[in-house]
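The structure appears right after this line, and notes come after that.
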């Protein structure tokens, strides 16, 4: 059986920045492989496309450019947000506006996204809305351990918040929602849905923190 739409691939892999000697971003061990549902739209399409047609026992190695993964770094996504956006019941939680912290937010249409605090000023907060991996090429090397048919529950999982862009997420994307490490895939949302919508809505969207 080969990896194709509506099939499940059980995969172990490592992802590095640029090449095999680059910074290790994610490693999925053979003892706790990741289960991925193909054709479900819950992982990076470019990552998925590289694995289509592979069989159990096949190894793989490829490089995804920034354009194929999370896009180039965009300085337009560095924004000054009024502190009032972060208020809950008229107050800002003490640990919310900490430099380096990733804050879950949503735009005026209810789309979730994450922003990283880079500076806290008197009346505004400087935030970076680029994906943490924007501008980086992803070198991936691994092995397909098994390929099988997807179950109904895997093809049609119960709705849940995907936490798109969370720093706890996988680089390539999830699949089924029962990962061994209990983390969602970064691509549990397609990054082009979660991170490419209009950020001009931020000021009216409020903070989901």
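The values are calculated or read from the model by the stated rules, or taken from the named source; none is laboratory data. Every value quoted in this text rests on a predicted model; they were computed, and no experiment measured them. FYI the Cβ positions are ideal-geometry reconstructions off the backbone, even for glycines, and counts take in every protein chain you see.
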Whichever residue in segment 39-55 is modelled with pLDDT under 95 and either part of a loop (DSSP other than H, G, I, E, B) or outside the structural domain of residue 16 (by TED's automatic domain parsing) (or both) and, among such residues, is nearest to residue 1 (Cα to Cα): 39
Residue count for segment 56-91, restricted to those that are assigned to a loop (DSSP other than H, G, I, E, B) and surrounded by fewer than 13 Cβ atoms within 10 Å (Cβ to Cβ): 5
Residues of segment 110-121 that turn out to be more than 14 Å from the chain's Cα centre (by Cα) and part of a strand (DSSP E or B), as a count: 5
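Which residues, counting only those in segment 92-109, are touching a residue at least 40 places away in the same chain (Cβ under 8 Å) and either in a loop (DSSP other than H, G, I, E, B) or within 16 Å of residue 124 (Cβ to Cβ) (or both)?
So the first thing to find is which residues in segment 92-109 are touching a residue at least 40 places away in the same chain (Cβ under 8 Å), and the list is 93, 96, 102-109.
Within segment 92-109, 93, 96, 103, 105, 107, 108, 109 qualify.
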Residue check for residue 31: assigned to a loop (DSSP other than H, G, I, E, B) and surrounded by 15 or more Cβ atoms within 10 Å (Cβ to Cβ): no
Residue satisfying condition, being surrounded by fewer than 17 Cβ atoms within 10 Å (Cβ to Cβ) and not assigned by TED's automatic domain parsing to the domain that holds residue 156, within set 17, 2: 2
